[in-house]
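Beneath this line is the structure, given in structure tokens, with notes to follow.
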Amino acid sequence: MVEELVTAGVALASVGAVYGMAAARVVKQYERGVVLRLGKLRSGVRGPGFTMIVPFVDRLQKVNMQIVTMPVPGQDGITRDNVTVRVDAVIYFKVVSAADAVIKVEDYRFAVSQMAQTSLRSIIGKSELDDLLSNREKLNQGLELMIDSPAVEWGVSIDRVEIKDVSLPETMKRSMARQAEADRERRARVINADAELQASKKLAEAAGVMSEQPAALQLRLLQTVVAVAAEKNSTLVLPFPVELLRFLERAQPGHGPQPAQPGTAPVQSQQPPQPPRELSESWQALDGAPDQTSGRTSGRSQELAAQAQLLLTQWQQSMQEQLPPVETPLDPDFRGSNSGQD
């Protein structure tokens, strides 16, 4: 009899141990337990710690309450300004109602993922390319509102949504690079033009001051020479004003016109052109010859006058053509006219 009681006690203890092991559950701190008894939701949600359920009657389903980071696959779309882009995003969400996450949706993770992809395509179609590249904060807020509206009924709260990357076609990248380069070049030209304008105003003021004091121009020239000579150059180019060259040419008496230098105006000689030596001698011979009544003397005088007139005509023509005077030799028999002799 005693042995039967001991055997029954051991059997009952074994059954109790098996029952306890089948009914015992442990819920972690970041989890919540939803109990379904015979398929019906129990009102209470089991908190973290040790808990018991009815074996083969209750089913405990644990729900993670941590924030879940889920990447949204890249979505291809066309923006409002007809640019093809590929956008990647990431979504952060957590479960706020474990019972709704189990009862109202089959798989809340899959549902949130599909909703995020659909909302991302919708945002791409409603936005322009500049907004996707520079105004992402506003787009993130709109995307979060679009996903959070249906997710609230599933017991899920969307913490935040971030657009991670925007991929553009290579042709669009080259176009944007050319646009940025053109814009920077335009800004550089505007800055250079502004600098030239300011410099021209300052130079005009400096020219006005130097016009009142002409010595200031010479001092500035000397300063330029000193600055150039400080570079240890072997050749020094010193500019001279055109007025100084004209003054030097006028200061040389008896010299004809000098060849014009590059960048200077031709200088006209102040001395009148001189007639040829033969013409001067012929006129002197005619002036000094006495009047003779003989025909031979008169014929000789006419011959000298004709020769002098010919020389004068040739000299005038040569001066008009800016050529050297034509020298015509006199008669070799001509030695002047003395009184009473041929």
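The values are calculated or read from the model by the stated rules, or taken from the named source; none is laboratory data. Bear in mind the structure is a predicted one, so any value in this text is a computation, not a measurement. With ideal geometry, Cβ positions are generated from the backbone for all residues, glycine too; neighbour counts draw on all protein chains shown. To get the accessible areas, we keep the full protein, side chains included, count just its heavy atoms, and leave off ligands, DNA and RNA. Shrake-Rupley method; radii C 1.70, N 1.55, O 1.52, S 1.80 Å.
Seen from PRO71, the other residues with C-beta closer than 9 Å to its C-beta sum to a net charge of 0, counting Lys and Arg as +1 and Asp and Glu as -1. Highest mean first, the peptides 65-77, 119-131, 185-197 sorted by other C-beta atoms within 10 Å per residue fall in the order 119-131, 65-77, 185-197. When Rg and the Kirkwood radius Rh are both evaluated on Cα atoms of the range 1-44, their ratio Rg/Rh stands at 1.27.
For the range 126-141, the Karplus equation 6.51 cos²θ - 1.76 cosθ + 1.60, evaluated at θ = phi - 60°, returns couplings of 8, 10, 9, 5, 4, 5, 5, 8, 10, 10, 6, 4, 5, 5, 5, 5 Hz by residue, with Gly and Pro reported as x. For the range 18-24, putting each phi into the Karplus relation 6.51 cos²θ - 1.76 cosθ + 1.60 with θ = phi - 60° gives couplings of 5, 4, x, 5, 6, 8, 7 Hz, in residue order, rounded to whole numbers and with x for Gly and Pro. Across the range 21-167, the fraction of Cα-Cα pairs farther apart than 20 Å, rounded to a whole number, is 54%.
Accessible area per residue for the range 1-132 is 60 Å², calculated with a 1.4 Å probe on protein heavy atoms, without ligands, DNA or RNA.
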